[in-house]
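Notes follow the structure.
The values are calculated or read from the model by the stated rules, or taken from the named source; none is laboratory data. Treat the numbers as computed from the prediction; the structure is a model and nothing was measured. Here Cβ is always computed from backbone atoms with ideal geometry, including for glycine, and neighbour counts include all displayed protein chains. The area values use the complete protein model at the heavy-atom level, side chains included, leaving out ligands, DNA and RNA. Shrake-Rupley method; radii C 1.70, N 1.55, O 1.52, S 1.80 Å.
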Amino acid sequence: MTVVPPASDPVVAGAPLSMVLVRLAHDTTRERITVGDLLQALGDRALGALLFIFAVPNVMPVPPGVSTVLGAPLLFLSAQLMFGLRPWLPAIVAKRSISREDLATLVRRVVPWLTRAEKLLRPRLRVLAAPPAEYLVGFVCLLLASILVLPIPLGNALPALAISLMALGVLERDGLWVLGGLVAAAVSVAVVSGVVFAMAKAALYLLARWMG
């Protein structure tokens, strides 16, 4: 029988993110995985890795309300990246958990794409993936996370994709991916702004007709 190392195992902590997620999903010693478990397993890489983990599910179709739940940790983590702080989450967030079966389902969907991305990621254009540029990335992620938690049509997938790209870029010190994430962020802000403008214009039109 294969023995799966615990999340705190140093081999897991230094392994590629895809391997960490797979091992956590197959860790039969626990029925639920908390956010704190992920924080411990990822060690010094937790900030970029957790940004990716909480953002990427929103790229896919998710049930209503999920983006709000996943967006709350993104707000904390983005702010910490912006101010150059070590990864930390309040107890109320760190104690949130997901069943190992649900994590395994998510991992099966994400890991094939993540594995491909890891083959392309490598240290380059480091100036974009390290301080002080990293603080700007944190600010952009914070802005996108704020959009993500709001009930705005098309306000999930594009911001989440941008955060995911930048998170992987920061994680692997790949400035090219950070740059791609910034471009995606600009597109997502433009699209969401357009949607909000259209909704506001429609609301004003309906209000004018109702009052007239």
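Here are a few things to note about the model shown:
- Output for the stretch 126-157, where each listed residue is open to solvent by 60 Å² or more (accessible area, probe 1.4 Å) and more than 19 Å from Leu47 (Cβ to Cβ): Leu150, Pro151, Pro153, Leu154
- Val170 vs. criteria surrounded by 22 or more Cβ atoms within 10 Å (Cβ to Cβ) and under 19 Å from Arg86 (Cβ atoms): yes
- Tally of residues being within 14 Å of Gly43 (Cα to Cα) and either open to solvent by 100 Å² or more (accessible area, probe 1.4 Å) or in contact (Cβ under 8 Å) with a residue 60 or more places away in the chain (or both) across the stretch 84-99: 2
- Residue selected from the stretch 158-179 under the condition among the aliphatic types (A, V, I, L, M) and free of Cβ contacts under 8 Å to residues at least 60 places away in the same chain, by the criterion farthest from Leu42 (Cα to Cα): Leu158
- Scan of the stretch 1-24 for residues that are at pLDDT 80 or above and surrounded by fewer than 20 Cβ atoms within 10 Å (Cβ to Cβ), ordered by number: Pro16, Ser18, Met19, Arg23
- Some residue of the stretch 159-166 being assigned to a helix (DSSP H, G or I) and over 22 Å from Ile53 (Cα atoms): no
- Within the stretch 173-183, being modelled with pLDDT of 95 or more and open to solvent by 20 Å² or more (accessible area, probe 1.4 Å) holds for Leu176, Trp177, Leu179, Gly180, Leu182, Val183.
- Near pairs, Cβ below 6 angstrom, 6+ apart or cross-chain, from the stretch 140-151 (under 18 Å from Leu128 (Cα atoms)) to any residue that is part of a loop (DSSP other than H, G, I, E, B) and open to solvent by less than 50 Å² (accessible area, probe 1.4 Å): none
- Enumeration of residues in the stretch 25-35 that are assigned to a loop (DSSP other than H, G, I, E, B) and either crowded, with 18+ Cβ neighbours inside 10 Å or not hydroxyl-bearing (Ser, Thr, Tyr) (or both): His26, Asp27, Arg30, Glu31
- Ala79 vs. criteria surrounded by 14 or more Cβ atoms within 10 Å (Cβ to Cβ) and at negative phi: yes
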